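I have placed the structure first, in the form of structure tokens, so that the comments after it can refer back to it.
Please treat every number below as a calculation from the coordinates, not as lab data. Keep in mind the model is a prediction, meaning the values are calculated, not measured. FYI the Cβ positions are ideal-geometry reconstructions off the backbone, even for glycines, and counts take in every protein chain you see.
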Amino acid sequence: MNARVHLLISGEVQGVFFRANTRRAANELGVKGWVRNLPNGMVEVVAEGRKPTLDRLIEYCRKGPDGAGVENIEIKWEEFKNEFRGFDVRF
């Protein structure tokens, strides 16, 4: 079953290669979508793929890369749109 998830990740998540490592994890899992830093210090992720695979990406985002300190992750499941070709870092 394909799904779409929208994540807002807070804590020490900028300046620790969170975006690059999330992109790497998503590509390894075959997840499509994007990740970006927000002006308020959070990281935002929109991803599409099979639900179990998205669950694995969420688990990665709960921890993040070495140096990250994830305090909270807001998870919102959305309707699958099949709009992405790959997984990108947005600026």
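Find how many whole Å separate the alpha carbon centroid of the range 4-63 from the alpha carbon centroid of the range 64-91.
First find each Cα centre; the distance between them is then 3 Å.
Summing +1 for each Lys or Arg and -1 for each Asp or Glu, what net charge is found among the other residues whose Cβ lies under 14 Å from the Cβ of residue 46?
Taking every other residue near residue 46 into account, the sum is +2.
May I ask for the net charge around residue 19, where only other residues with Cβ less than 13 Å from the Cβ of residue 19 are counted and Lys, Arg are +1 while Asp, Glu are -1?
Value of the local net charge: +2.
I'd like the orientation of helix 51-63 relative to the chain: the angle between its Cα long axis and the longest Cα principal axis, in ° from 0 to 90, rounded to 10.
0
Using alpha carbons only, how many degrees (0 to 90, rounded to 10) separate the axis of helix 18-29 from the longest principal axis of the chain?
So the helix axis and the longest Cα principal axis differ by about 30 degrees.
Does anything in the range 40-69 have its amide N under 12 Å from the 7 Å Cα→Cβ label point of residue 10, and if so which residues?
40-43
Hey, which aspartates and glutamates would be in cross-link range of residue 76, C-alpha to C-alpha under 20 Å, not counting anything within fewer than 8 residues on its own chain?
Those aspartates and glutamates meeting the cut-off are 44, 48, 55, 59, 88.
For the chain, give the magnitude of the charge dipole about the Cα centre (Cβ charges: +1 Lys/Arg, -1 Asp/Glu; no others), in debye to the nearest 20.
Once rounded to the nearest 20, the dipole reads 280 debye.
What number does the chain give for Rg over Rh if you use C-alpha atoms and the Kirkwood radius?
0.93
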